[in-house]
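Working notes, structure below.
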Amino acid sequence: MLEVENLHVSYGSIRALHGVSLKVPAGSIVTLIGANGAGKSTTLRALSGLIKPASGSIRYDGQEIKGLPAHAIVSKGLCHVPEGRMVFANLTVRENLAMGAYLQRDKTWVAKQTDYVFQLFPRLLEREKQAAGTLSGGEQQMLAIGRALLSRPRLLMLDEPSLGIAPLLVKTIFERIVEINREQGLTILLVEQNANLALAVSTHGYVLETGSILLEGACADLKANPRVQEAYLGA
Amino acid sequence: MDFQQIIQQLINGLGLGSIYALIALGYTMVYGVLRFINFAHSDVLMLGAFSAFYLAPLVQKMVGPESIMGGILVFVLSAAICACIGMLIEFLAYRPLRKRPKLTVLITAIGVSLFIEYTGQHAAVFGSATRAFPKILPEHQIHLGKLMLNSNDIIVPTVTIVLLAAMWFIVQKTRIGTAMRAVSFNQQAASLMGVPVNRIISFTFGLGSALAAIAGILYSIKAPGIEPLMGVQPGLRAFIAAVVGGIGNLPGAVLGGLLIGVVETFAGGIPGLSNYRDAIAFGILILILLFKPAGLLGRATIEKV
């Protein structure tokens, strides 16, 4: 569904990614793990059009999307839940969800999908009329995911959904991610620092180190790999 | 000052204040989406007045002198011209600096402002002499008891109220207004929702500039004449109004504009105080900044990371 080949990204003279290649097959959960500063977020930001890659190719549904502006990429169903959540703090929970549906003209679909999000995260329904800035970190993450679901994604990219969130909520959020994948058939590209968690829910994984792919494989194999165990799983 | 004078001054003050409010909206909207003060805004106001100055004779040739239709036409055309100019300024001067520090953009804005003002003063453009502003709308004297009103005293606030209502509707109720608010909260998040950020910023400049053009014409109707530096004074007061009301806050800009307009008019009517109008406007600004730094309606923003 998504094929990235030899992606290069630079911030000024600093080369952040040099030659990242990865594949996300339809219906799967693929994870990208790596240490702080390895280039995980940069990869997602390049895929969603927030930054312009220097070279390489990004094919989504067989179409080249490299260089398209972010809003055009969203309209194709490739949605990005950014690191730090970026919810609209002054808007209410419901308004945030409505914002996610900015491109959706079909009102019945939006109403149905909003209900689905509330059913997925009942906590959001309780806080429906509250300003998003007053939510806890975990609730904001739920909102950010819910908001992205309203953009009618076919491939959802999640950047560090566990970052700065209470462990109990992390568990809920990851369960929901799997649920979305199974029930809605949504393809997911997950970026995580918490490799244990990420490898547990995904089918295929990539290990990113200083801007390039170090290892890839089925998650079971990666978990068994001594290098991964030592560097990322704390074994 | 007797009661009748007070009412008269209040009407004048609200008229002037509503013009400030229109200008202040432009400052505050641009600040809302880009977080910088567009100092060239006051010069767009001047360009609006000059557009009307040149358009009025042409339009009157077509639809006859001092007709309401002709007046509306002059307003609409001038607003359209300035909307294009505003978008052009953003595209040429500010967009290339989008990723630069805000100070760079701010200084560029001052540069754009000076460029427009001094180009305008060139003999081949507008020239530096003050010119009489043509009559755009039919004028009548209206007697209300002891009060004597010029029809413009009614038209100016009416036009303003209609425009303010339209602005409120656009920003709060339409899709593009929703997008404007999203962009003002967080550009990246907005673009991830599918909002075309550049187009929204362009639209914001166009809208603000159209309001400035109309404000420029309304201001010129009562001013002794127009010249290339005419935007500086009302621009400065409107900027103060925007900050007093809470920069980035639309109702705040309106409230600030009315406040500054009324205070200025009353100060002008009290013997001995009339020379201190600017001092009073800035005095209000200083007091507000001391006691309510976010402005009258501005909210101190708390960001959770």
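The values are calculated or read from the model by the stated rules, or taken from the named source; none is laboratory data. Since this is a predicted model, take the numbers as computed values, not measurements. Note that each Cβ is placed from the backbone with ideal geometry, even for glycine, and that neighbours are counted across all protein chains shown.
Any residue at all in the stretch A:42-62 that is among the polar types (S, T, N, Q), under 17 Å from the mean Cα position of the chain (by Cα) and at pLDDT below 90? No, the stretch A:42-62 has no match at all.
Can you pull out the residues in the stretch B:1-60 that are touching a strand residue (DSSP E or B) at 6+ places or on another chain (Cβ under 9 Å) and not hydrophobic (A, V, I, L, M, F, W, C)? Passing the criteria: B:Gln4, B:Gln8. Of the residues making up the stretch B:47-83, those that are without any contact (Cβ under 8 Å) to a residue 40 or more places away in the chain and either under 22 Å from B:Ser128 (Cα atoms) or acidic (Asp, Glu) (or both) are B:Tyr54, B:Leu55.
The set of residues in the stretch A:41-81 that are touching a residue at least 60 places away in the same chain (Cβ under 8 Å), at positive phi and within 13 Å of another protein chain (Cβ to nearest Cβ) contains only A:Gly77.
Looking across the stretch A:82-108, the residues that are of a type in the set (A, V, I, L, M, F, W, C) and facing chain B (nearest Cβ under 8 Å) come down to A:Met86, A:Val87, A:Phe88, A:Ala89, A:Leu91, A:Ala98, A:Met99, A:Leu103.
Residues are listed down the side, and each one gets a yes or a no for (1) at pLDDT below 90; (2) not charged (D, E, K, R):
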site: A:Ile173; (1), (2): no, yes
site: A:Arg176; (1), (2): no, no
site: A:Ile180; (1), (2): no, yes
site: A:Ala195; (1), (2): yes, yes
site: A:Gly211; (1), (2): yes, yes
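Suppose the filter is over 13 Å from B:Leu192 (Cβ atoms), in contact with a Pro (Cβ under 9 Å, 6 or more places away or on another chain) and more than 14 Å from every other protein chain (Cβ to nearest Cβ); does A:Leu32 pass it? No. Please enumerate the residues belonging to the stretch B:177-235 that are over 24 Å from B:Ile110 (Cα atoms), more than 14 Å from every other protein chain (Cβ to nearest Cβ) and either acidic (Asp, Glu) or assigned to a helix (DSSP H, G or I) (or both). Those that are over 24 Å from B:Ile110 (Cα atoms), more than 14 Å from every other protein chain (Cβ to nearest Cβ) and either acidic (Asp, Glu) or assigned to a helix (DSSP H, G or I) (or both): B:Leu218, B:Ile221, B:Lys222. Pairs linking a residue in the stretch B:198-217 that is under 15 Å from B:Ile19 (Cβ atoms) to a residue that is among the polar types (S, T, N, Q) and surrounded by fewer than 24 Cβ atoms within 10 Å (Cβ to Cβ), with Cβ atoms under 6 Å and 6 or more positions apart or on different chains, do not occur.
Being assigned to a loop (DSSP other than H, G, I, E, B) and farther than 20 Å from B:Tyr219 by Cβ is the filter here; which residues of the stretch B:46-78 pass it? Reasoning before the result, please.
Here is the first cut: in the stretch B:46-78, the residues assigned to a loop (DSSP other than H, G, I, E, B) are B:64-67.
Listed by number, the residues that qualify are B:Gly64, B:Pro65, B:Ser67.
Annotation note: Cβ proximity below 9 Å between a residue of the stretch B:84-101 that is under 12 Å from B:Ala40 (Cβ atoms) and a residue that is surrounded by fewer than 14 Cβ atoms within 10 Å (Cβ to Cβ) (sequence gap 6+ or interchain) occurs for B:Ala93/B:Gly111.
Counting only helices (runs of 4 or more DSSP H) that fall entirely inside the stretch A:1-114 and contain at least 1 residues that are touching a Phe, Trp or Tyr at 6+ places or on another chain (Cβ under 9 Å), surrounded by fewer than 15 Cβ atoms within 10 Å (Cβ to Cβ) and among the charged types (D, E, K, R), no element qualifies. Quick one: count up the residues across the stretch B:147-176 that are touching a residue at least 12 places away in the same chain (Cβ under 8 Å), surrounded by fewer than 18 Cβ atoms within 10 Å (Cβ to Cβ) and within 14 Å of another protein chain (Cβ to nearest Cβ). Residues that pass the stated criteria total 1.
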